[in-house]
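A.B. asks: Just dropping this structure here.
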Amino acid sequence: MSETSLPPSPISRFLLNDEDGTDDDGINGHAPDLSFDGAEDMLRAWSRGIRPDPDLTVSEWADKHRWLSSRAAAEPGRYRTARTPYLRDIMDALSPGHPAQRISFMKAAQVGATEAGNNWIGFVIHHAPGPMLAVLPTVEMAKRASRGRLDPLIADSPALRERVSPARSRDAGNSMLSKEFPGGILVLTGANSATGLRSMPARYLFLDEIDAYPPSADEEGDPVTLAEARSTTFAHRRKVFLVSTPTIRGLSRIEQEFEASDQRRFFVPCPHCGAMQWLEFERLRWEKGRPETAAYACNACDTLVAEHHKTAMLEAGEWRATAVSADPAHVGYHLSALYSPIGWKSWEQIAREWLAAQGNDEMLRAARNTLLGETWVERGEAPEWQRLADRREVFGGQIPEGGLFLTAGADIQKDRIEVDIWAWGRGLQSWLVDHIAIPGGPDSPAAWAELTKLLGRTWQHANGAVMPIAKLAIDTGYEAAAVYAWARAQGFEQVAPVKGLEGFNRATPVSGPTFVDATVGGKRLRRGARLWSVATATFKIETYRFLRLERPEEDQPDPPGMIHLPDWADSEWLKQLVAEQLVTVRNKRGYARQEWQKLRERNEALDTRVYARAAAWIMGADRWDERMWRQLEDQAGVATRADATDTDAAEPMADPPARQAGAPPTTPRRKRQTYTPRFMR
């Protein structure tokens, strides 16, 4: 064969391509006349491997390759960054060519942040493969995100579908929480799983809704810190994306991240004067009682801007840093719902939701977090005990009409056991029913015997029935071994050992139970006791908020959460109830956090209130539906029956006052039976 008839070498074949060096198959010209099988596929793979990837940013990749599924998006079809222009800069900061290594995004709800993170995931799979870890608040949320967002992302984008096998395939490398692709792997986990956070080294970290993370992952430390430890080996090549709607001032993780960054705001031009400004809720104006008139007042010319101008304003907007970051590789962004595109959250809706939240701290907190993307400042100052003394009440019976079940909180001291019994009703209204101080500490058998007797006591309801304690929560912070032994002896149906934890957890202020070792009769029992963990700060905030509620006008119903104090509550007990205050402190790095500090030495009344409240949570009172409350009310109303025979446990009632001469005869008093709600049977 002559030299000219020899088949071209792979190099010469590549050099004979078109000017751009590519075609549909990655090479041009005729197929090489090679004698071994698979040479054509090998040549294609080789030519693709030496060709550099297109220099795309994450936003450019999303516009070219991302398709939105009707299962996961309100606006299915091709992804368009122009729909949410404010996300372009954030996504591009996640691109490999951008110098930022840490990107934090404090935002309102539903502004597209999660989709920006999903675009980053798609970009990594397609153009910058490497190990990636995505962390949601819980493992269950990670599974839902995989099914509801990640699977549609892959299935509806051809560029990803060919690189990731379906989770239901036989490929063991791809499951609901693990997606392998050429050159990398994506692992999803929950912030509550220390095992998942230690799973592998990761070049890319996507930490979503970090303010909803638990304070500790399986009691092994802060989840964000554990996750970031996975990326240390990648040094300057790593990318960390932290996203969240904020929560409470001083406790919000995303607020701390944003304040440590260069604090970028999205500036948009006024359509009337052209002045650049970032949108502030205080400048959203509407006529009194008419949120449909909501418009934005320019901070330069004060002219009202109608919402239909928003699309053009967003297109002309730009991010501007408003602070200097201590770390040049850390950039931070903040965005409120005022920027939501036309067709999403309107200014009228924002005004309506804000008006509806007035007068309700919980609704105001949610509005500030989800609409404004700002933290909520808790009012942790202690109410004046004198004001509480002025609003004490005289109850009709030991348990007023609205009380439907009893819980107790027990605080163990060195020389005594303090116990408070609270009655609970609809809307978590509560009444202090009894305060008992049992002399003798945890080393006194007589003290434990008295506490045991307390579990069998009953208190009289205003309708004549009697109620026992449904659940007693007892603190294990002092002499935990003695508490476990006593609780095990009583049974865990009526007794709940609890342990206070620092920090706030509004979603789940009580978690557990977990099993702990206990020593009973000198014998150590593995997993012999059950322990509940209580975010005490959450219930203290709630207690102070309820104490600040004003009494309604006469003949008006009491507001939900109202705390009723009896006339026998003395000044010492009231001072103990308000003995702490929430203060903001800063650590050595300058980050702010909130903690409870004592205003006086004794605070048992506040502690026992928190434990009794935790007992109500454990029973499920926060989650009962209307049917359950009706059942409790029906039982309380019919708890006295003329044919009742079981009256041994009931305490004798006081004799009725003598009837005055000439007065009509009184109705004979009916016999009573012990009131035992169905959830206790």
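A.B. asks: How many residues are free of Cβ contacts under 8 Å to residues at least 12 places away in the same chain, assigned to a helix (DSSP H, G or I) and out of contact with any Lys or Arg (no Cβ under 9 Å at 6 or more places or on another chain) if we restrict to segment 209-249?
C.D. replies: 2
A.B. asks: Conditions: (1) modelled with pLDDT under 95; (2) within 25 Å of ASN192 (Cα to Cα); (3) touching a strand residue (DSSP E or B) at 6+ places or on another chain (Cβ under 6 Å). ILE125 meets all but one. Number of the miss?
C.D. replies: (2)
A.B. asks: Could I ask something else about it? What do you reckon, is ARG589 under 20 Å from PRO215 (Cα atoms), modelled with pLDDT under 85, outside any helix (DSSP H, G or I) and not aromatic (Phe, Trp, Tyr)?
C.D. replies: In short, yes.
A.B. asks: In addition: If you take the residues in segment 54-91 that are of a type in the set (Val, Ile, Thr) and in contact (Cβ under 8 Å) with a residue 40 or more places away in the chain, which one is farthest from HIS127 (Cα to Cα)?
C.D. replies: THR84
A.B. asks: Kindly list, by first and then second residue, each pair from a residue in segment 556-576 that is in contact (Cβ under 8 Å) with a residue 60 or more places away in the chain to a residue that is of a type in the set (Val, Ile, Thr) and surrounded by fewer than 16 Cβ atoms within 10 Å (Cβ to Cβ), limited to pairs with Cβ atoms under 6 Å and residues at least 6 apart or on different chains.
C.D. replies: ASP567/VAL394
A.B. asks: Report yes if some residue within segment 488-495 is assigned by TED's automatic domain parsing to the domain that holds LEU454 and modelled with pLDDT under 85; otherwise report no.
C.D. replies: Narrowing segment 488-495 to residues assigned by TED's automatic domain parsing to the domain that holds LEU454: 488-495.
Filter once more, so that each one left must be modelled with pLDDT under 85: 491-492.
Taking every residue of segment 488-495 in turn, at least one turns out to be assigned by TED's automatic domain parsing to the domain that holds LEU454 and modelled with pLDDT under 85.
A.B. asks: I'm told THR543 meets every condition in (1) under 25 Å from the mean Cα position of the chain (by Cα); (2) at pLDDT below 90 except one. Can you identify the failing condition by its number?
C.D. replies: All conditions are met except number (2).
A.B. asks: Can you tell me which residues in segment 402-425 are loosely packed, with under 15 Cβ neighbours inside 10 Å and touching a residue at least 60 places away in the same chain (Cβ under 8 Å)?
C.D. replies: LYS414
This table checks each residue for (1) among the hydrophobic types (A, V, I, L, M, F, W, C); (2) surrounded by 16 or more Cβ atoms within 10 Å (Cβ to Cβ); (3) not assigned by TED's automatic domain parsing to the domain that holds ASP434.
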position	(1), (2), (3)
GLY477	no, no, no
GLY500	no, yes, no
VAL516	yes, yes, no
ARG526	no, no, no
LEU531	yes, yes, no
GLU542	no, yes, no
GLN556	no, no, no
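A.B. asks: Name the single residue that is surrounded by the fewest Cβ atoms within 10 Å (Cβ to Cβ) among those in segment 447-464 being farther than 16 Å from ASP411 by Cα and hydrophobic (A, V, I, L, M, F, W, C).
C.D. replies: The selected residue is ALA462.
A.B. asks: Out of everything in segment 294-309 that is in contact (Cβ under 8 Å) with a residue 40 or more places away in the chain and of a type outside the set (A, V, I, L, M), what residue ends up being nearest to GLU257 (Cα to Cα)?
C.D. replies: Within segment 294-309, the match that is nearest to GLU257 (Cα to Cα) is TYR296.
A.B. asks: Which count do you get for residues in segment 365-401 that are among the acidic types (Asp, Glu), touching a residue at least 24 places away in the same chain (Cβ under 8 Å) and either out of contact with any Phe, Trp or Tyr (no Cβ under 9 Å at 6 or more places or on another chain) or farther than 22 Å from ARG545 by Cα (or both)?
C.D. replies: 2
A.B. asks: Pick out the one residue from GLY373, GLY397, GLY343 that is in a loop (DSSP other than H, G, I, E, B) and surrounded by 20 or more Cβ atoms within 10 Å (Cβ to Cβ).
C.D. replies: Matching residue, one of GLY373, GLY397, GLY343: GLY373.
A.B. asks: Given (1) out of contact with any strand residue (DSSP E or B) (no Cβ under 9 Å at 6 or more places or on another chain); (2) within 19 Å of ILE254 (Cα to Cα); (3) assigned to a helix (DSSP H, G or I), where does ALA366 come up short, assuming only one miss?
C.D. replies: (1)
A.B. asks: Consider segment 185-203. How many of its residues are under 21 Å from ARG253 (Cβ atoms), touching a helix residue (DSSP H, G or I) at 6+ places or on another chain (Cβ under 6 Å) and not in a helix (DSSP H, G or I)?
C.D. replies: Number satisfying all stated conditions: 6.
A.B. asks: For segment 346-363, which residues satisfy the criterion of being closer than 30 Å to ARG545 by Cα, surrounded by 14 or more Cβ atoms within 10 Å (Cβ to Cβ) and not hydrophobic (A, V, I, L, M, F, W, C)?
C.D. replies: Within segment 346-363, GLU348, GLN349, ARG352, GLU353, ASP361, GLU362 qualify.
A.B. asks: Just to verify a result, which residue in segment 71-95, among those that are of a type in the set (Ser, Thr, Tyr) and under 27 Å from the mean Cα position of the chain (by Cα), is nearest to ASP156 (Cα to Cα)?
C.D. replies: THR84
The values are calculated or read from the model by the stated rules, or taken from the named source; none is laboratory data. Please read these numbers as outputs of a predicted model, since none were measured by experiment. Neighbour counts run over all protein chains shown; Cβ positions are idealised from the backbone, glycine included.
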